[in-house]
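Peer 1: Sharing a structure below in C-alpha cells format, with a few things to ask.
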Amino acid sequence: MPLEHRDGYVLWEGGPVPGSAAGITLPGLVIVRSGHASPYLLRHELVHVRQWRRYGVVGFSARYVAAYATWRLRRKGHAGAYLRIPMEIEADWVARRSLSTAVRDELAEHIAL
C-alpha cells in the first residue's frame with residue numbers, strides 16, 4: 001500500500017475505500033481500491049481534487065452533503081441521490097469527456113508512420 005506522489009496529488013492504491021465505491025478523494029489524496037485504478041476513475045477523482053481546492057474543506061463538504069441530503073429527502077435512494085450530486089455529475093462528465101477526446105497511443109503511432 002505505498003503512497004505514490006503524483007503531480008498535484010497523492011495516490012494510494014489499495015487504501016480504505018467505503019462501501020461499494022471504487023475510489024474516494026480527500027483534499028490532495030486519492031484513494032482507490034486495489035486493481036481499480038482505471039483511466040476513467042483517476043480522471044474522475046482528479047476532478048474531485050480540483051473541487052476540494054476550489055471550495056476548500058468546509059465548502060466542498062457542505063455542498064456535497066447538502067446535495068446528497070436534499071435528494072434523499074426527495075425520496076431518492078442512495079444511488080439516485082449520489083448520481084444527482086453536482087460534484088459527481090461534473091466529475092463523471094469531465095472524466096468521460098477526457099477519455100473520449102484523448103489521443104490514443106495506437107492512433108499516435110499510426111499517424112507517426
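Every number here is computed from the coordinates shown, using simple stated rules; none is lab data. Being a predicted model, the structure only gives us computed values, none of them experimental. Here the Cβ is made from the backbone with ideal geometry for all residues, glycine too, and neighbour counts use every protein chain on show.
Peer 1: Let me know the charge dipole size of the chain about its Cα centre in debye, to the nearest 20, where only the beta-carbon of Lys, Arg (+1) and Asp, Glu (-1) is charged.
Peer 2: 800 debye
Peer 1: Something else about it: Return one number: the angle in degrees, 0 to 90 and rounded to the nearest 10, between the long axis of the Cα atoms of helix 86-101 and the longest principal axis of the Cα atoms of the chain.
Peer 2: Approximately 10 degrees, to the nearest ten.
Peer 1: Now, a different point. With r as the distance between the Cβ atoms of Ser61 and His5 and R0 = 25 Å, compute the FRET efficiency 1/(1 + (r/R0)^6) and round to 0.05.
Peer 2: Computed FRET efficiency for His5 and Ser61 comes out at 0.55.
Peer 1: Counting other beta carbons within 10 Å of each residue's own, what order do Tyr68, Tyr55 fall into, fewest first?
Peer 2: Exposure proxy ranking, most exposed first: Tyr55, Tyr68.
Peer 1: Would you work out if the chain is rounded, prolate or oblate? Take a ≥ b ≥ c from the square roots of the eigenvalues of the alpha-carbon gyration tensor; rounded if a/c is under 1.5, else prolate when a/b is larger than b/c, oblate otherwise.
Peer 2: prolate
Peer 1: Also, I was wondering about something else. Which loop-located trypsin sites (Lys or Arg not before Pro) does segment 12-78 contain, where loop means any DSSP state but H, G, I, E or B and the Cβ has at most 12 other Cβ atoms within 10 Å?
Peer 2: Arg74, Arg75
Peer 1: So for Thr101, Thr25, Thr70, fewest C-beta neighbours within 10 Å to most, what's the order?
Peer 2: Lowest count first: Thr101, Thr70, Thr25.
Peer 1: Moving to a separate point now. Where Lys and Arg each count +1 and Asp and Glu each count -1, what net charge lies around Phe60 among other residues with Cβ under 10 Å from its Cβ?
Peer 2: Around Phe60, the surrounding residues sum to +3.
Peer 1: How do Tyr82, Tyr9 rank when sorted from fewest to most other Cβ atoms within 10 Å of their own Cβ?
Peer 2: Placing the least packed residue first, the sequence is Tyr82, Tyr9.
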